[in-house]
Amino acid sequence: MKTTVFEKVGQVAIENVDKPTIQAEDDVIIKVVRTCVCGSDLWAYRGLEDKDDHSINSGHEAIGIVDSVGGNITTVKPGDFVIAPFTHGCGHCAACLAGFDGDCQSHDDNFSNGVQSEYVRFQHADWALIKVPGQPSDYSDEMLNSLLSLADVMATGYHAARVANVTTGDTVVVVGDGAVGLCGVIAAKMRGAKRIIAMSRHEDRQKLATEFGATDIIAERGDEAVEKVMALTNNAGADAVLECVGTEQSNDTAMKVGRPGAIVGRVGLPHEPKMDMANSFYNNTIIAGGPASVTTYDKQTLLKAVLDGDIHPGKVFTKAFSLDDIDEAYQAMTKREAIKSLIIV
Ligand SMILES: [Zn+2]
Ligand SMILES: [Zn+2]
């Protein structure tokens with residue numbers, strides 16, 4: 001089968017490898033129908049994170065068809081249409097029961113990788129996989145893309161809003177206009193935010209943020225952006241802040257735009273973790289966030305919201321590629337020609 005190989009910084013390629021097989025009783029092998037490139041895949045591609053040359057472990061988001069199941073799998077059977085979250089919660093440990101299946105305590109291999117492939121071995125699958133009614137052919141392209149977003153970005157955006165405790169009437173600032181930030185806008189609206197201030201300097205993303213529910217757009221960055229938020233909120237600051245980038249600057253901005261006692265929900269993978277803790281102390285800022293609880297949110301609200309047509313997170317996929325053109329898909333995101341690159345397998 002074809003899989004994506006990280007050749008070196010700035011280059012991924014397709015290689016033929018053996019199809020994965022069931023290795024544990026709670027494994028499921030999935031035939032991938034659609035996968036995608038994540039902002040987090042780009043850290044290594046841009047050379048900002050160490051990754052071994054010629055390694056086979058790219059991608060972590062997919063929808064597909066169950067190909068075979070291990071002996072302990074009771075929730076899905078071959079032929080079922082499923083969303084494969086990037087997390088692999090067990091559903092019964094303390095973390096999963098508290099709604100933090102992104103931090104499942106039952107095993108130490110809680111994240112997907114190698115999903116930019118024709119087939120993937122999905123470990124600890126029984127509770128974590130999300131079964132979708134019917135078959136992919138029953139759905140429109142747009143709906144399939146929205147279902148794919150439930151493997152990561154929509155759930156991750158929702159996580160930012162949930163840990164930031166966004167509630168009815170809130171003023172929310174969303175830092176970051178990538179797919180996760182845009183999904184954070186959707187999530188803030190779902191949770192009843194009255195005012196959603198999206199930080200974006202790219203016209204295509206500004207448009208989508210507005211379509212998803214942003215009431216204000218701020219194109220500035222850094223301290224200028226902080227001043228803008230203060231001007232928009234009568235110098236009060238926001239009730240909640242969704243940090244969806246992970247850089248030092250984005251975290252700094254996020255910490256400065258909240259009112260005293262605001263919660264910053266962080267879902268951007270922190271790559272420059274320096275943080276001014278004194279500032280947060282004097283503002284009583286609450287810092288929350290981490291890996292998303294993908295299965296929990298999909299089961300609780302997101303799958304229904306997508307199937308009912310209430311939300312359209314699949315619109316973050318603005319360019320489509322075949323698996324053979326995987327490097328072009330990475331390039332399109334690196335050059336910001338695509339908000340998120342879809343891979344049709
Ligand atoms: Zn991702
Ligand atoms: Zn668990």
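The values are calculated or read from the model by the stated rules, or taken from the named source; none is laboratory data. Note that the structure is a prediction, hence the values are computed from the model and not measured. Backbone-built Cβ (ideal geometry, glycine too); neighbour counts: all protein chains shown. Heavy atoms of the whole protein, side chains included, go into the accessibility calculation; ligands, DNA and RNA do not. Shrake-Rupley method; radii C 1.70, N 1.55, O 1.52, S 1.80 Å.
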* Asked: In segment 139-175, what residues are surrounded by 24 or more Cβ atoms within 10 Å (Cβ to Cβ) and part of a loop (DSSP other than H, G, I, E, B)?
  -> Leu150, Ala151, Asp152, Ala164, Val166
* To do: Keeping to segment 321-331, report how many residues are among the aromatic types (Phe, Trp, Tyr) and either open to solvent by 60 Å² or more (accessible area, probe 1.4 Å) or free of Cβ contacts under 8 Å to residues at least 40 places away in the same chain (or both).
  => 1
* Would a scan of segment 157-180 turn up a residue that is within 14 Å of ligand 1 (Cβ to nearest atom), among the acidic types (Asp, Glu) and on the phi < 0 side of the Ramachandran plot? -> no
* Does Ala13 qualify as being in the same structural domain as Glu142 (by TED's automatic domain parsing) and crowded, with 22+ Cβ neighbours inside 10 Å? -> no
* Residues satisfying the stated conditions in segment 16-33, i.e. within 25 Å of the chain's Cα centre (by Cα) and either among the acidic types (Asp, Glu) or open to solvent by less than 20 Å² (accessible area, probe 1.4 Å) (or both) -> Asp26, Asp27, Val28, Ile29, Ile30, Val32
* Structure fact -> Within segment 50-71, residues open to solvent by less than 70 Å² (accessible area, probe 1.4 Å) and within 23 Å of the chain's Cα centre (by Cα) come out as Lys51, Ser55, Asn57, Ser58, Gly59, His60, Glu61, Ala62, Ile63, Gly64, Ile65, Val66
* Structure fact -> Within segment 184-220, residues over 17 Å from Thr168 (Cα atoms) and in contact (Cβ under 8 Å) with a residue 60 or more places away in the chain come out as His202, Asp204, Arg205, Leu208, Glu211
* What tally of residues in segment 127-150 results from selecting those that are among the aliphatic types (A, V, I, L, M) and within 16 Å of ligand 1 (Cβ to nearest atom)? -> 5
* Structure fact -> The helices (runs of 4 or more DSSP H) lying wholly within segment 176-279 that contain at least 2 residues that are surrounded by fewer than 17 Cβ atoms within 10 Å (Cβ to Cβ) and not assigned by TED's automatic domain parsing to the domain that holds Val316 are 203-212, 222-232, 248-256
* To do: Only one of these is in contact with a Phe, Trp or Tyr (Cβ under 8 Å, 6 or more places away or on another chain), among the β-branched types (Val, Ile, Thr), within 28 Å of Ile83 (Cβ to Cβ) and open to solvent by 10 Å² or more (accessible area, probe 1.4 Å): Thr318, Thr295, Thr334. Name it.
  => Thr334
* Take the residues in segment 38-74 that are more than 29 Å from Gly134 (Cβ to Cβ) and of a type in the set (D, E, K, R), then tell me which one is farthest from ligand 1 (Cβ to nearest atom). => Asp53
* To do: Could you please let me know if Ala288 is touching a strand residue (DSSP E or B) at 6+ places or on another chain (Cβ under 6 Å) and part of a loop (DSSP other than H, G, I, E, B)?
  => no
* Tally the residues that are in a loop (DSSP other than H, G, I, E, B) and not acidic (Asp, Glu), restricting the search to segment 309-345. => 8
